[in-house]
Amino acid sequence: MKNWMSIVAMGAVTNSTFLLFSPPILKPIIPFSLTKTSPYLISLTTPSRRFISASSLPSVVSADHTFNFSDSGDGNGVAVSRRGDKVLLKGMTYSELEKWVQSHGYRPGQAMMLWKRMYGNNIWAHHTDELEGLNKDFKKMLSKNADFKALAVKEIHTASDGTRKILFTLDDGLVIETVVIPCETGRTTVCVSSQVGCAMNCQFCYTGRMGLKRHLTAAEIVEQAVFARRLFTNIMVDDQGLQFSPRKVTVSTSGLVPQLRRFLHESNCTLAVSLNATTDEVRNWIMPINRKYKLDLLLETLREELCLKHKYKVLFEYVMLEGINDSNEDAKRLIELVKGIPCKINLISFNPHSGSFFRPTKDERMIEFRNMLAEAGCVVLLRTSRGDDQMAACGQLGNPGTIQAPMLRVPKQFQTAVGSST
């Protein structure tokens, strides 16, 4: 029951996706507020115990969601997410919930009891009927003024390896996906969306084909984790709530340098940088963000910032594309690029999807590439694809629809590798 999830957030900068891993002790704590301009895919692992706050997401909602600023009488207002006339409880931090409860004439202790029934005690309440032990009048007030659920389950698909992809429908009709990945070690990983689509347009990523539809509210993000916990048992990072260990939360970014620098200043969560190339020419093509923040700037920023952090390593993610970034020369360049940066390198097999012209690097070649890095003293891991037969693997989530982000011109020297003549 307890050995279930810790957190890692992975993905491109705007396509926020949380990966929740399951450590032996579950103590969910959400590290820092997500703003509408948050450049990270968040993995919850920060000792600084701040919460995802609805007040930090004022403009990422549908017509049915609004954010109202209410005064609890002490001069400290509380911004809360609403659906119609009802408050979305999972859109509030504990302090916000406490003030909201007090504004309705109830003691702070009632807020704590409600919080534990939503995020702890293995209850994960989705309805007032599940609030056993709470005051009857308090439950009646909640029925009238509050909603527990921010999402509706549309479908659940199970892959041959046991990975499950959950499709949720949002109030505005958009659909998001959450992936639950069981591991033989007993640990479970949960990938949680924090946006619909992605603005980064990485050429190898199916989600990037969608473009960015909108950011999710705090309630919509938290609800995914709670549903996964409720459905598959035993989640995020508050002492009284989901209680994810900060050390188990990872945030993945495609490389927005100013936001990356800010993250390293403000959080102790693990940082994952989606690197995927060893030259600006290739990275400009497969990751357009590199046209603004070049490799030299990105890596030098990491060298500077990590000098200030004690026993901290960044995780470099490297999706291997056959004939594009998997040569011996790439391995040698990668070794040079990461020198002076405390890091681990995660080699990821490309997961094919509709419309993609890339091919995954063969297993034998990935092992050779890994061995070259390891022999040079790099700490390197090979990540196994999970859930790919249900489009639940890394880079496969989403539904681009008829209007898609543009495919970029393939550099001449790689046209043969991708079978392109343009």
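See the values below:
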| quantity | calculated |
| --- | --- |
| Nitroxide proxy distance, nm - points 7 Å out along Cα→Cβ at Ala374 and Lys144 | 6.5 nm |
| The stretch 137-177 - Rg over Rh from alpha carbon coordinates, Kirkwood radius | 1.23 |
| Accessible surface of the stretch 115-174, 1.4 Å probe, proportion on carbon and sulfur as whole % | 42 percent |
| Accessible area per residue, Å², the stretch 96-200 with all protein chains present, probe 1.4 Å | 44 Å² |
| Rough spin-label spacing in nm, given labels placed 7 Å along Cα→Cβ, for Glu132 and Arg230 | 1.6 nm |
| Carbon + sulfur, % of accessible area of the stretch 243-309 - ligands and nucleic acids excluded, 1.4 Å | 47 percent |
| The stretch 94-171 - Rg and Dmax from Cα coordinates, angstrom | 15.7, 52 |
| Nitroxide proxy distance, nm - points 7 Å out along Cα→Cβ at Leu381 and Ala152 | 3.8 nm |
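The values are calculated or read from the model by the stated rules, or taken from the named source; none is laboratory data. Note that the coordinates shown come from a computational prediction; the quantities given were computed from them, not determined experimentally. Cβ sites come from the backbone with ideal geometry, for glycine too, and all protein chains shown count toward neighbours. Just so you know, the surface numbers come from the protein's heavy atoms only, side chains and all, with ligands and any DNA or RNA stripped out. Shrake-Rupley method; radii C 1.70, N 1.55, O 1.52, S 1.80 Å.
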